[in-house]
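Notes to accompany the following structure.
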Amino acid sequence: MEINRVQLSGQLLSVQPLRYTPAGIPVTEATLGHHSEQQEADLKRQVTCEVPVKALGNLAHQLAAATIGTSLKATGFIAAKSLKSRQLILHLDTIEF
């Protein structure tokens, strides 16, 4: 199996209303804002980005109920947003508030 794991901390910038798949699984998407200082080529680098995330099942309920601005740590894997859009989205396995 190839490695595809991402762990990112940040603040919840936006969250879409909870919806359900045709199979009845709860799903929501949100945006996580991240800011940190990283080391690159022996230099300090300020990193600021916004990352789209997706949660299904119980995690979707937790994320949909979260307040904008809440700090969280998200863990999951990256995948294409859809068959038509190759943009990356972080699919969540765990959320720690």
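The values are calculated or read from the model by the stated rules, or taken from the named source; none is laboratory data. Worth saying up front: this structure is predicted, and the values here are computed from it rather than measured. Please note: Cβ atoms are built from the backbone with ideal geometry, for glycine as well, and neighbour counts cover all protein chains shown.
Here is how the numbers come out for the structure above:
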item	result
The range 70-97 - residue that is among the β-branched types (Val, Ile, Thr) and over 19 Å from residue 3 (Cα atoms) and, of those, surrounded by the fewest Cβ atoms within 10 Å (Cβ to Cβ)	70
Residue count for the range 83-96, restricted to those that are part of a loop (DSSP other than H, G, I, E, B) and touching a strand residue (DSSP E or B) at 6+ places or on another chain (Cβ under 9 Å)	2
Hits in the range 5-26 - residues which are within 16 Å of the chain's Cα centre (by Cα), outside any strand (DSSP E or B) and of a type in the set (A, V, I, L, M)	18
Considering residues of the range 75-93 that are of a type in the set (Gly, Ala, Ser) and at pLDDT below 95 only, the residue farthest from the chain's Cα centre (by Cα)	85
Residue satisfying condition, being surrounded by fewer than 16 Cβ atoms within 10 Å (Cβ to Cβ), among the charged types (D, E, K, R) and either in a strand (DSSP E or B) or in contact with a Gly (Cβ under 8 Å, 6 or more places away or on another chain) (or both), within set 50, 29, 2	50
Conditions (1) among the polar types (S, T, N, Q); (2) surrounded by fewer than 11 Cβ atoms within 10 Å (Cβ to Cβ); (3) not in a loop (DSSP other than H, G, I, E, B): number failed by residue 67	(3)
Where residue 57 falls short, out of the listed (1) under 19 Å from residue 5 (Cα atoms); (2) among the small types (Gly, Ala, Ser); (3) surrounded by fewer than 14 Cβ atoms within 10 Å (Cβ to Cβ)	(1)
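Listed here are the residues, each with its yes/no results for (1) in contact (Cβ under 8 Å) with a residue 24 or more places away in the chain; (2) at positive phi.
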| position | (1), (2) |
| --- | --- |
| 3 | no, no |
| 15 | yes, no |
| 28 | yes, no |
| 32 | yes, no |
| 48 | no, no |
| 57 | yes, yes |
| 62 | yes, no |
| 67 | yes, no |
